[in-house]
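Single-structure report; data block below.
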Amino acid sequence: MYDAGKIIPGLIIFVGLMLFAIFNNAGSKVEAPKLEKPVGVKECVKPVKYMKESHMELLNVWRDEVIREGKREMIEVEGKLYEKSLQNGCMRCHTSKKKFCDVCHEFASVYPYCWDCHVAPQADMALQEAK
Amino acid sequence: MDSSRRKFLKIAGISAVAGIGAPSALNMLMKSDVQASSAGGAHGAQPDAHGAQGGHGAAPAGKRYGMVIDAVKFHETPGLAQKCIDACHSYYNVPDFGNKKDEIKWLWQEPFMNAFPDESHYKKDDGLLSMKFMVLCNHCDNPPCVRACPTKATFKSAEGIVMMDFHRCIGCRFCMAACPYGARSFNWRDPRGTMDGVPFIKKVNPEFPTRMRGVVEKCSFCALRVTKGQMPLCVEATGDSKAMVFGDLNDPNSEVSQVLKARFTIQRKPSLGTMPSVFYII
């Protein structure tokens, strides 16, 4: 091999640099995002596990049912009726986008485009204006 | 059997002609059969695909929402039209871009010549020419916009309402080119933006989304309210004046059907065959 004296140390430095982030953070605990949960309500429209993993699928299903199929009936959970709607359903309990949606989405670095059109709850608008 | 080359070629030729011609001849026969039977049964219910499209004579099945607009009442009550428009545009977060070119309209007013260019005859009376007509999406029974949409973002619902799914709209504006009524508007600018510090949407209604730049929008006949048994916002805004009557055109006992039976009404550009669901008393 030509220039082994340069290539091998170079490779070692490169790999070291690449792995630095892993070694640096090894062992340290990453705090799970803390969401603000609605007060006084225990059950969501689906089990927590499902909501954590698949809320986006549920939103898509709701969208298609409501707009395309005209199935606009309410969902009953523990005697409470919920509309199949992001703005008029979900966000009625989860009253803050900043303290609920954004916390996880930012943690996971996903940027859904829901809010390009959908209007965030009033509480958030008040927060924004206060800034 | 003596067979010559000449005979073989003759038979081969005839069978080739028969083979090519028979299917198309059969098709033609089948078609004329269907035509004959549909002409005969035009007044009976036809829940097949063509019936759903609503042939002119076909008896309708299911719901088809429609509206009668009494232009005379709007003319006699100044401010009523604006009240309806405001009720609609404020609820649905319709932006006001402040210039005619970018204007977004769900419900607006047009003079007779623009609303009814088909109804042209020499020397119209001054009354008609001075009137303004409330115009909106006609929720056609045969909507050309739906055929034009490449993503099915616009479609006809089971209740005969031509709906928009803003999620799917890619902003190609084919529907706008297809709509003969100019009922669709395109968001050339971001509706959430501002101009000179004034937001395009004066006060955002938190119950309904806004749109984003590059999306087409139009009147939805208040589909979400209608399924809840409520009247569209514009109809509600007219109050007891009955300047607008909304209901199921397919239900002979509905208020709108009764009005249509009793009064002379006209439609916008009926000759195009779009079968609009909005009727005008002039």
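The values are calculated or read from the model by the stated rules, or taken from the named source; none is laboratory data. The shown structure was predicted, so the numbers you read here are calculated from the model rather than taken from an experiment. Cβ sites come from the backbone with ideal geometry, for glycine too, and all protein chains shown count toward neighbours.
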Could you check how many residues of region B:246-262 are within 23 Å of B:Glu119 (Cα to Cα), surrounded by 14 or more Cβ atoms within 10 Å (Cβ to Cβ), more than 19 Å from the chain's Cα centre (by Cα) and not β-branched (Val, Ile, Thr)? 0
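Yes or no, residue by residue, for (1) surrounded by fewer than 16 Cβ atoms within 10 Å (Cβ to Cβ); (2) farther than 29 Å from B:His75 by Cβ; (3) free of Cβ contacts under 8 Å to residues at least 12 places away in the same chain; (4) hydroxyl-bearing (Ser, Thr, Tyr):
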residue: B:Arg184; (1), (2), (3), (4): no, no, no, no
residue: B:Phe200; (1), (2), (3), (4): no, yes, no, no
residue: B:Pro209; (1), (2), (3), (4): no, yes, no, no
residue: B:Ala223; (1), (2), (3), (4): no, no, no, no
residue: B:Lys242; (1), (2), (3), (4): yes, no, no, no
residue: B:Phe264; (1), (2), (3), (4): yes, no, no, no
Do any helices (runs of 4 or more DSSP H) entirely within region B:97-197 hold 3 or more residues that are under 22 Å from B:Gly273 (Cα atoms), and if so, which? B:112-115, B:144-148, B:174-178
Of all residues being surrounded by fewer than 17 Cβ atoms within 10 Å (Cβ to Cβ) and among the hydrophobic types (A, V, I, L, M, F, W, C) in region B:146-165, which is nearest to the other protein chains (Cβ to nearest Cβ)? Just the residue, please. B:Ala158
Going through region A:75-127 in order, the residues found to be surrounded by fewer than 14 Cβ atoms within 10 Å (Cβ to Cβ), modelled with pLDDT under 90 and at the interface with chain B (Cβ under 10 Å from one of its Cβ atoms) are A:Gln122
Residue that is farthest from the other protein chains (Cβ to nearest Cβ), among those in region B:222-263 that are basic (Lys, Arg) and over 17 Å from B:Glu159 (Cβ atoms): B:Arg263
From the set of residues in region A:58-68 that are out of contact with any Asp or Glu (no Cβ under 6 Å at 6 or more places or on another chain) and within 12 Å of B:Ala223 (Cα to Cα), which is surrounded by the fewest Cβ atoms within 10 Å (Cβ to Cβ)? A:Arg68
Selection from region B:227-251 of residues that are within 23 Å of A:Gly70 (Cβ to Cβ) and assigned to a loop (DSSP other than H, G, I, E, B): B:Lys228, B:Gly229, B:Gln230, B:Met231, B:Pro232, B:Leu249, B:Asn250, B:Asp251
